[in-house]
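The values are calculated or read from the model by the stated rules, or taken from the named source; none is laboratory data. Note that the structure is a prediction, hence the values are computed from the model and not measured. Every residue, glycine as well, gets a Cβ built from its backbone with ideal geometry; the counts of neighbours run over all protein chains shown.
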Amino acid sequence: MENNQSNAPADAVSEAVIANEKAIHEPLFHVVKRDAMPWYKSWGIRIAAVVLAMLVVALFGFVLTKNDPIAIYRVMIDGAFGTENRIWSLLLDTALLLGVALAVTPAFKMRFWNIGAEGQVLMGGLICAACMLKLGDKMSTGLLLLVMVVASMLAGAIWGLIPAFFKAYWNANETLFTLMMNYIATSIVSCYCYIWSGGGSGRVGIINRKTKIGWLPNLGSHTQTLNIVIILVLTVILFIYLRYSKHGYEISVVGESENTARYIGINVKKVILRTMLLSGALCGLIGMLLVSGTNHTVATSTAGGRGFTAIMVSWLAKFNPLYMILTSFLIVFLQKGSKEISTIFGLNDAIGDIVSGIVIFFVIGSEFFINYKLMLRTKKSGKEEK
């Protein structure tokens, strides 16, 4: 009894010391995973993030230009919507960026990080240009366009299949593999541009300028209309494919867990190869639209960095093709508006990248608050507060 009584104060002291240490080391706040948030709340947070980002852009613009924010926004809006040509340019660039984002989305949803869209678009555009140059006078216009579509999609598909094969069978790092494929594609395009230029200038020039053989036909009074319509149709088709088809279901399961996919009988290797074939083929189609429907030539800059920007478009839209219309429009609007700001106020061209970066930073940051919440702990009561 005496021993038990003598040990009681010691136990009480040790418990007090442990409790004191816990109180000292307890963080002021910690991050907790949220339950599923209703869609209207999540989009409200995203919209608030965009508004806050635009306020920061206005402050940034005021510091650089000494003009009031309303004048800066007026210039941005004018740069995107000021004339009919600017509106069509905005719509076309939005559609083309959306098209590349659609192409990379099936792979991303499968957690296959396809960073090689730039190279896949270039290869599709290169084969399209080759068909225009070499087959233009050997077949009818309709047959030539069909050959261009099939050949471009096949070129992009093969370029996407190569890293997929090594990933499926040897678990190669797809991020580095697809990234390196971009440089190879750029070098191949540069080589053929040098060959086709004849004089060694490295520039092909407008292909079939006089005859317009291999050019996509106009739909209405604008040359851009057909490109836009094609990509909008692709958006709807891909949304249905990913949401309601068996292949879309298999892509989602493989993306969540390859072990689970194998357990329920899904052939993971087959899904990886098939999905990257689709992703590469869509990139090749966008390359064809760029060469045949927009630029009418091919160069190492044909993709225009869309392969990398599309990654952000797809991710911000949570791999939902319909939401990608909004995210691609937002990014293109910022690019157009920022370019007009740099022109009107005599600023460096990098201002466009800075403005886009600010907005994207806030939008990405909003995803944290959609998925997590901060729990504060008061020192006195030790209770958690939101």
- Subset of region 134-156, residues in contact (Cβ under 8 Å) with a residue 60 or more places away in the chain, surrounded by fewer than 16 Cβ atoms within 10 Å (Cβ to Cβ) and more than 13 Å from S292 (Cα to Cα), comes to D137
- Please name all residue pairs, on different chains or six or more residues apart, with Cβ atoms under 7 Å, provided the first residue is in region 34-51 and is over 20 Å from M324 (Cβ atoms) and the second residue is in a helix (DSSP H, G or I) and of a type outside the set (F, W, Y). R34/N371; M37/I370
- Query: Across region 255-265, which residue is surrounded by the fewest Cβ atoms within 10 Å (Cβ to Cβ) among those that are among the polar types (S, T, N, Q) and part of a helix (DSSP H, G or I)?
  - Reply: N259
- Item | Selected residue [surrounded by 21 or more Cβ atoms within 10 Å (Cβ to Cβ), within 21 Å of the chain's Cα centre (by Cα) and polar (S, T, N, Q)] from S292, S279, S301, S252 | S279
- Task: Please specify each residue of region 36-51 satisfying the condition of being more than 22 Å from the chain's Cα centre (by Cα) and either assigned to a helix (DSSP H, G or I) or surrounded by 14 or more Cβ atoms within 10 Å (Cβ to Cβ) (or both).
- Result: M37, Y40, K41
- Checking S338 against (1) surrounded by fewer than 23 Cβ atoms within 10 Å (Cβ to Cβ); (2) closer than 21 Å to A58 by Cβ; (3) of a type in the set (G, A, S), the condition it does not meet: (1)
- Item | Selected residue [under 21 Å from M153 (Cβ atoms), more than 20 Å from the chain's Cα centre (by Cα) and at pLDDT below 95] from G200, G214, G220 | G214
- Note on the structure: Being among the hydrophobic types (A, V, I, L, M, F, W, C), more than 22 Å from G99 (Cα to Cα), surrounded by fewer than 17 Cβ atoms within 10 Å (Cβ to Cβ) and modelled with pLDDT under 85 narrows F345, F361 down to just F345
- Query: Taking helices (runs of 4 or more DSSP H) that fall entirely within region 266-359, which contain at least 2 residues that are under 23 Å from V150 (Cβ atoms) and not acidic (D, E)?
  - Reply: 268-288, 306-316
- Query: What do you reckon, is L242 part of a helix (DSSP H, G or I) and either in contact with a helix residue (DSSP H, G or I) (Cβ under 6 Å, 6 or more places away or on another chain) or without any contact (Cβ under 8 Å) to a residue 24 or more places away in the chain (or both)?
  - Reply: yes
